[in-house]
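For reference, the structure discussed in these notes is given below.
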Amino acid sequence: MTGVRPLAATELAILASLHAACFADAWSEAALAELLASPGVFAFLAEAGEGFVLARAIEGEAEILSIGVVPARRRKGIGHRLLSAAAIEARRRGAGRLFLEVASDNDAALALYRQAGFAKVGRRPGYYHRPTGAAAAEVLAVDLAKEETSDSLGDSLGGGIRGREMQ
C-alpha cells in the first residue's frame, strides 16, 4: 500500500516533475514554489513518486488546487489516499468545507470525488481549454464535519494516520 506524506521543502523538483507527468499544461517549478509560499497552502506526495495533492485552507474553507496520479498508477486508490490526506489537513487547519474544480469530461476524477462524498455546487462553462474545444468545470464541495464524509474519506478523517504519514 502506498503511503502519503507531507511535501518537504526540498522536493519542488519532484513535485514539478509529477505535475508534468499528470497534466499537459504543467505548472513550472517556479510557479509551484510561489504557490507553496502562499498563506495556507500545503502539499502531500504519494510515496514512490506516484502522485501529489496541493491544497489551501484559509478562513474556514479549503480547496484542492491540484491533484494528480501518474497514469501508470491510476485506479489503485492513490488518489483517494491523497484526497483523504488533504481533507484531514484542511480540517486540522479549521476548514469546514473542501472545494475543488474538475473538468466535466473527466469521468474517472468525478467518480473518485463522488465516492469521497463531494457534491456539485456550481459549474463554470468553457473553463478548461482542450485541442478539441472547451470543457466546463464542475465545482464540487464536501462538508468536512459530516459523519458520512468521515466514512467516505476514512475512519473519522484520521484512519491510517500514523504520525505524519497516511497509509
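Expected output is a single nm value to one decimal: the length gained when fully extending between A103 and A134, i.e. 0.36 nm times separation in residues minus the C-alpha distance. What is it?
10.2 nm
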Notebook entry, point to check: What is the P(r) of the chain, as percent of Cα-Cα pairs per 5 Å bin from 0?
Noted result: 1, 9, 18, 22, 23, 17, 7, 2, 0, 0
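Between R124 and R73, what is the FRET efficiency for a Förster distance of 30 Å, r being their Cβ-Cβ separation, to the nearest 0.05?
Values: r = 29 Å, r/R0 = 0.96.
That gives a FRET efficiency of 0.55.
Let me know the charge dipole size of segment 1-157 about its Cα centre in debye, to the nearest 20, where only the beta-carbon of Lys, Arg (+1) and Asp, Glu (-1) is charged. Before the final figure, lay out the partial values.
Numbers: 17 positive and 19 negative charges, 47 e Å.
That gives a dipole near 220 debye.
Since every read-out is calculated from the coordinates, none of them should be taken as a lab result. The model shown is predicted, which means the values in this text are computed figures rather than measured ones. Heads up, the Cβs are rebuilt from the backbone with ideal geometry, glycines too, and the neighbour counts pull from every protein chain shown.
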